[in-house]
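The values are calculated or read from the model by the stated rules, or taken from the named source; none is laboratory data. Model, not experiment: these values are computed from the prediction. We place every Cβ from the backbone using ideal geometry, glycine too, and count neighbours over all the protein chains shown. Just so you know, the surface numbers come from the protein's heavy atoms only, side chains and all, with ligands and any DNA or RNA stripped out. Shrake-Rupley method; radii C 1.70, N 1.55, O 1.52, S 1.80 Å.
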Amino acid sequence: MSAAPRAALLEVRNLRISFGGLAAVRGADLTVYRGETHCLVGESGCGKSVTALAVMGLLARNGRRKADRLAFDGQDLLRLSESRLSKLRGDRMAMIFQEPMTSLNPAYTVGSQMAEVYRRHRGGTRAEALDRAEDLLAKCRVTSPRLRLGQYPHQLSGGLRQRVMIAMALMCDPELLVADEPTTALDVTVQAQILRLLMDLQRDLGLALMLITHDLGVVARMAHRVSVMYAGEVVESAPAAELFGNPTHPYTRGLLACVPVPGKVRRDQPLGSIPGVVPRIGHGFAGCAFRDRCGQARAECARTVPWRTSGEHGYRCILPPGWAGPASLAA
Ligand code: SF4
């Protein structure tokens, strides 16, 4: 019997985002399937975070989003009223931010903030909401969860605050969880614990997780599918094993060459680097935006570059599939 087709939960087609008329995202496509982790990778300034904020309807006041399609479980997010969108947000789709201290309200206890999310979307008594909050804190491996409910964010360590943020995001059983660099502000050992926790929750709860990161080691461990962003565009997208085994866009290959892979990179071997920097937002591009940094660039790269696909693997580059052979540094 053939496997059931995967169900798309979030569909983004030709998403454009601008701030004060300056383009930050110039036509991003991605699909997040139910029960899968989709990692969005790229250097800072490539448009990953604003893409997530646009999906959640949380762009800054001067931000504008347009798309051919931006749909959550078939609902057109561009046509939803603000009140219907805020019903969806925090309920069926939730977000975890980079720095929990700026996302948690310092004036309210953890319990009050978690209970408010639940009661706003699901109703019920404060006692019921606090019971649920305690259960979720325990699930997120917060020690003494009942005690934590009465504490304020400043009384918690960075790792505990991030666990609280994750537990709060799960209060209403979301189907989609968007996590924007959720471990950036944490030290390395806590990072590993939080990522392990997210992996376990994603698997156990069947969440669709859209994870934004610039850490390819994290991607290799967690992703079912990966989209690589550069200068406001998705330049390559593929199932994780395919992307790591057969990276095709020169930018993806450059990113992979920067990662030390045990057993594949000698101790005395210098790591790769990508020359230059990501262009600033609003920069007008003719042709491939990576052209100034690409060792494979040629005259035709200055013209419109097609999106090529082979099965579930797609990339935006003039080079043919397999142009460089398999990745020597693939994780
Ligand atoms: S289109 Fe040209 S410049 Fe852009 S990544 Fe491909 S080879 Fe490099």
Sorted list, accessible surface of protein heavy atoms, 1.4 Å probe, largest first, for D73, D187, D268, D180 is D268, D187, D73, D180
Taking a crude spin-label model, label points 7 Å out from Cα along the C-beta direction, the N105 to A286 distance in nm is 5.2 nm
The Cα radius of gyration of segment 102-172, divided by 2.2 N^0.38 Å with N its residue count, comes to 0.96
Residue-normalised 222 nm signal for the chain, counting each DSSP H run of n ≥ 4 as -39,500 (n - 2.57), nearest 500 deg cm²/dmol, is -9000 deg cm²/dmol
Rg (one decimal) and Dmax (whole number) from the Cα set of the chain, in Å, equal 20.6, 67
